[in-house]
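Below: the structure, in structure tokens.
The values are calculated or read from the model by the stated rules, or taken from the named source; none is laboratory data. If you're wondering where the values come from, they're calculated on a predicted model, not measured in any experiment. Methodologically, a virtual Cβ is constructed for each residue, glycine included, from the backbone with ideal geometry; neighbour enumeration extends over all protein chains shown.
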Amino acid sequence: MRGIGTILLLIVSNIFMTFAWYGHLKLQQMKLISDNTPLYIVILVSWFLALFEYACQVPANRIGFVGNGGTFTLMQLKVIQEVISISIFTVFTIVCFKGETLQWNHFVAFGCLIAAVFFVFLK
């Protein structure tokens, strides 16, 4: 159960992270913020969103880490986080940025990530 909780927290964390890092680009594209919006405003809004990212990321790592009774090693936690991150980013990009498309090399990269998960869990 700790493993599932960890993964769910990592998913929520990465949703906030993606919006904190890239959401302002979509807001700019939608003309909700202008090209002239001061960078410090964009950074402050991103930090606000990142607070929620960290509020999920830190507990996910804490409860998921084998040293705290969880099921994952540090390396496994990191690889899981990266796969979740790129998956959420891909969905965000395809849904929010209509001009972006997946190419063959993106699928090859995803295959490499899946291979990374396989190898990091290999005993």
Odd one out for Glu100, checked against (1) under 25 Å from Gly5 (Cα atoms); (2) without any contact (Cβ under 8 Å) to a residue 12 or more places away in the chain
(1)
Reported set for the range 59-86 where residues are exposed (fewer than 15 other Cβ atoms within 10 Å of the Cβ), touching a residue at least 24 places away in the same chain (Cβ under 8 Å) and among the small types (Gly, Ala, Ser) is Gly69
Filtering the range 83-102 down to residues that are out of contact with any His (no Cβ under 8 Å at 6 or more places or on another chain), modelled with pLDDT of 90 or more and of a type outside the set (A, V, I, L, M, F, W, C) yields Ser85, Ser87, Thr93
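Does Ile114 satisfy being surrounded by 15 or more Cβ atoms within 10 Å (Cβ to Cβ) and more than 21 Å from Gly5 (Cβ to Cβ)?
On the way: surrounded by 15 or more Cβ atoms within 10 Å (Cβ to Cβ): no; more than 21 Å from Gly5 (Cβ to Cβ): yes.
It is false that Ile114 is surrounded by 15 or more Cβ atoms within 10 Å (Cβ to Cβ) and more than 21 Å from Gly5 (Cβ to Cβ).
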Which numbered condition trips up Cys56, out of (1) surrounded by 16 or more Cβ atoms within 10 Å (Cβ to Cβ); (2) over 13 Å from the mean Cα position of the chain (by Cα); (3) not small (Gly, Ala, Ser)?
(2)
Selection from the range 60-101 of residues farther than 21 Å from Val120 by Cβ and out of contact with any Gly (no Cβ under 9 Å at 6 or more places or on another chain) yields Val91, Thr93, Ile94, Val95, Phe97, Lys98, Gly99, Glu100, Thr101
The range 105-123 residues that are assigned to a helix (DSSP H, G or I), paired with ones that are of a type in the set (A, V, I, L, M, F, W, C) (beta carbon under 7 Å, 6 or more apart)
Leu113/Val83; Leu113/Ile86; Ala116/Val79; Val117/Val79; Val117/Val83; Val120/Met75; Val120/Val79
Output yes when any residue across the range 29-48 is among the hydroxyl-bearing types (Ser, Thr, Tyr), surrounded by 16 or more Cβ atoms within 10 Å (Cβ to Cβ), in contact with a Cys (Cβ under 7 Å, 6 or more places away or on another chain) and within 28 Å of Gly99 (Cβ to Cβ), and no when none is.
no
